[in-house]
Amino acid sequence: MVDYRTVKSVAVLEVNNPPVNALSYNVRQGLQDGIERANKDKEIKSIIIIGKGRTYPAGADISEFSKPHKGPNLIEVGLGIESSRKPVISAIHGTCLGGGLEIALFSHYRIALESAKVGFPEVALGLLPGAHGTQRLPRVAGMAFAMEIITSGRHVSAREALQHGILDKLVKGNLLSESLDFAASLPFSVPHNRRLRNVPAKGAENADRIFEVALNKVKQKQNGFIAPINCLKAVKAALLPYEEGAKIERELFMELLTSGQAKAQQYVFFAERAATRWYVSNEKNQKKCSAVPVKTTGVIGAGTMGSGIVVTLLRAGLPVILVEQDSQNLERGVNMIKGILQGSVNLKRMTSQQMNKCLQQLTPAQSLDSLHNVDLVIEAVFENLKLKEEIFGKLDEICKQQTILCSNTSTLDIDKIARATKRPDKVIGTHFFAPAFVMPLLENVYGTKTSGETIATVMNLGKTIRKIPVLVKTCHGFVANRMLARYQTEASFLLEEGCLPHEYDQVMEEFGFPMGAFKVGDLSGLDIGYRIRQELAKANGYTVTTDTRYIQGERFSSLADKLYELGRLGRKTGKGWYKYDRPGAKEAFVDPDVTDIILKHCKDAGIIRRKISTQEIVERSMYSSINEGFRCLEDGVASKPEDIDVIWLHGFGFPRYRGGPMYYASTIGLAEVYDRICYYHKTFPESSYWVPSDLLRKLATSGRNIPMSDWSTAATVNKSRL
Ligand SMILES: CCCCCCCC(=O)CC(=O)SCCNC(=O)CCNC(=O)[C@H](O)C(C)(C)COP(=O)(O)OP(=O)(O)OC[C@H]1O[C@@H](n2cnc3c(N)ncnc32)[C@H](O)[C@@H]1OP(=O)(O)O
Ligand SMILES: NC(=O)C1=CN([C@@H]2O[C@H](COP(=O)(O)OP(=O)(O)OC[C@H]3O[C@@H](n4cnc5c(N)ncnc54)[C@H](O)[C@@H]3O)[C@@H](O)[C@H]2O)C=CC1
């Protein structure tokens, strides 16, 4: 795990723990032993710590956090490095993160390749840099920079790290030989100020003000998370004598380590990686199927979604041919794309030059014929099956044989769309989330005939365009919208029973969502849901009006349709569930007209309103969705609970510190969740989605605590028995 060798009078400790040289037990032990050995060897004058392969250690081994502790801890290893009589140089390349950066800060010198990155990402795992990182960084980089880096978790470029004193030297070429030259230039003993514990933290004079500013920022940007607050408190403690500060860091670290938030966020770290691994069958899976290259793309429809998708593709360097139905819509779409890119320039997320480069890659067009030679097309026209079938039929005629045809439909059956073509193996859903240029999720939806190669290609495309791709099977609404439908339906019933939109939204925002369901509704546009309901009605042979209270025996709330018919489409019309200063404005205000509409609706329907508790709002919103999540596992629409959680985290802004709805259910306890679902089923028999999922019942009543990793297996067993 740590290879020890000598090059002349230098001991080289090379960490060898692929893929990221995480500081697992054997690595910590190896570093400790190596430092001791080098100090005992009279021939050795200095020591280099370096990483083999792609990186210097990228941090502690996260998978060890939930296991019993073994071997020396990181602090013991670090203190051994710092007290080494012979100079220790950390030679950094790749990503020197978390515990890795702590080891580097215990070292007396830090030299790095220009391409290296350093950072403390612990905050994303619900932790703080607990091996004296919060005490050492302010001693080299100052209080303000340390607070910013540790609370944001961002990766800092080597150049910036050099400017802030984190690194001593940047080099090009061969890191080891540069480090050996550097070692040769050093004095044999370690100067007092190269042991950072001996150096005072910088910026002490303004520490209180820096702390207050940083605290306000994290309360705004990371509301609900406890780690950033503990990070700030720990950095502030660096003003105290070293041992006292380190003791406070330890207490704050332990508080986080044992918190539910850290466990949830560490679960998310692995869930995000697990979600990108896909398996459909023995023949169709990630290991057996390769992606085909996508060098050119087409997008059809330049509305809300199409324009966002175009921006995402252009930003990833892919050329796009954009097709609209007429010149007016095309011009509007292109302007929207320009506006989004200009917004990025204004926010300094890209330069004008990069924007112009993107725009040069955009080819507006009015005919599908222009797509004949592209590698992949994404259709984003109105949510209308007939229209999509017509377009896919034409694309099949026009596009070259290899072209992959994707639909951004949010609900429609991919198999039906595929049937309009003679290449169902090359048809797949690529479901982006609004706004598509912001939301990280890409829900890829395979149909019965979609090939493994097509799946591999869109999963790969997801990574290329810097999204988090998750694979699900086709069905109405897939996983995201199928579960969300429960959440939204319960929200609308809660309005009928006693809540107002802002009251509901406040509860769910306090739960941790960035916006409640009604603010999201206004953002997406109330016409989207309206169209989906109309489509569904058409497909199933019934009609929906503003007087409808039941559909095929199921309770239905027509409140959203009432708002739609009044032209209240949300932000875009300046009025929706809230009112806005002007169309397109962001700040939502409570609208007494909406209260009147709701009260009248209830009166006409003979509904007696009541006070609804926070617990009921959260339970009905979350448990109805969770029950549907278990059904998705049962049906094989989702292949593992991690996929569902990642969908909610990145598609709907579910709070990371709660892990995702399925993980959240596991923390509540499936028996408790099941009991409450049974209760709501009894209370609301006219909403069949409250019928408890078979899989949930089975897991909840097993009398054992079945780990999440076994839920999908239980679902398969369940199915094979049916
Ligand atoms: C009393 C003592 C108190 C001591 C307290 C000490 C507290 C600490 O100091 C705590 C820490 O260090 S916490 C860890 C901090 N480091 C991180 O969070 C870095 C996490 N990794 C990354 O960001 C990317 O993997 C990275 C940017 C590095 C690379 O990205 P890539 O996209 O190239 O690769 P990934 O697909 O993300 O990763 C490849 C495989 O490696 C696994 N992995 C990554 N980082 C890991 C880590 N730190 N621990 C364990 N496994 C890790 C990752 O899961 C993936 O595995 P597979 O999915 O199986 O391939
Ligand atoms: N708005 C949302 O939040 C989300 C929507 N979706 C899905 O994305 C698709 C598009 O939705 P939006 O962008 O919201 O709709 P939109 O109404 O904003 O845009 C649709 C665009 O398609 C164009 N169009 C219609 N027929 C066309 C044709 N024959 N040829 C070329 N262009 C044509 C229209 O002119 C319009 O600009 C739908 O399937 C929707 O369900 C998916 C995820 C989220």
Hey, among the residues in region 681-698 that are in a helix (DSSP H, G or I) and touching a residue at least 40 places away in the same chain (Cβ under 8 Å), which one's surrounded by the fewest Cβ atoms within 10 Å (Cβ to Cβ)? Ser688
Name every residue in region 356-409 that is of a type in the set (Asp, Glu), in contact with a strand residue (DSSP E or B) (Cβ under 8 Å, 6 or more places away or on another chain) and touching a residue at least 60 places away in the same chain (Cβ under 8 Å), in order of residue number. Asp375, Glu379
Between a residue in region 504-520 that is under 15 Å from Ala560 (Cβ atoms) and any residue that is among the hydroxyl-bearing types (Ser, Thr, Tyr) and outside any helix (DSSP H, G or I), which pairs come within a Cβ distance under 8 Å, given they are 6 or more apart or on different chains? Phe518/Tyr578; Lys519/Tyr578
Which of the following residues is touching a residue at least 60 places away in the same chain (Cβ under 8 Å) and not aliphatic (A, V, I, L, M): Gly203, Gly173? Gly203
Filter region 505-558 down to the residues that are surrounded by 15 or more Cβ atoms within 10 Å (Cβ to Cβ) and among the small types (Gly, Ala, Ser) and list them by number. Gly512, Gly516, Ala517, Gly521, Ser524, Gly525, Gly529, Ala537, Ser557, Ser558
Please go through region 511-542 and give me each residue that is farther than 26 Å from His681 by Cα, of a type in the set (D, E, K, R) and touching a helix residue (DSSP H, G or I) at 6+ places or on another chain (Cβ under 9 Å), ordered by number. Lys519, Asp522, Asp527, Glu535, Lys538
I want to confirm something. Restricting to region 5-28 and keeping residues that are under 15 Å from Ala131 (Cβ atoms) and either free of Cβ contacts under 8 Å to residues at least 24 places away in the same chain or open to solvent by 10 Å² or more (accessible area, probe 1.4 Å) (or both), which single residue is nearest to ligand 1 (Cβ to nearest atom)? Ala22
The number of residues in region 441-491 that are part of a helix (DSSP H, G or I), crowded, with 22+ Cβ neighbours inside 10 Å and among the basic types (Lys, Arg) is 2
Residue hits (region 72-118; within 11 Å of ligand 1 (Cβ to nearest atom), open to solvent by 30 Å² or more (accessible area, probe 1.4 Å) and part of a loop (DSSP other than H, G, I, E, B)) are Asn73
Could you identify the single residue in Leu341, Leu347 that is of a type in the set (A, V, I, L, M, F, W, C), exposed (fewer than 13 other Cβ atoms within 10 Å of the Cβ) and outside the structural domain of His69 (by TED's automatic domain parsing)? Leu347
Just checking: which of the helices (runs of 4 or more DSSP H) contained wholly in region 593-680 hold 3 or more residues that are surrounded by 19 or more Cβ atoms within 10 Å (Cβ to Cβ), touching a residue at least 60 places away in the same chain (Cβ under 8 Å) and among the polar types (S, T, N, Q)? 614-635
Restricting attention to region 152-173, does a residue exist that is on the phi < 0 side of the Ramachandran plot, surrounded by fewer than 17 Cβ atoms within 10 Å (Cβ to Cβ), more than 32 Å from the chain's Cα centre (by Cα) and polar (S, T, N, Q)? no
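The values are calculated or read from the model by the stated rules, or taken from the named source; none is laboratory data. Fair warning: this is a prediction, and the values are worked out from it, not measured in the lab. All Cβ positions, even for glycine, are placed from backbone atoms using ideal geometry, and neighbour counts span all protein chains on display. Accessible surface areas use protein heavy atoms only, side chains included; no ligands, DNA or RNA. Shrake-Rupley method; radii C 1.70, N 1.55, O 1.52, S 1.80 Å.
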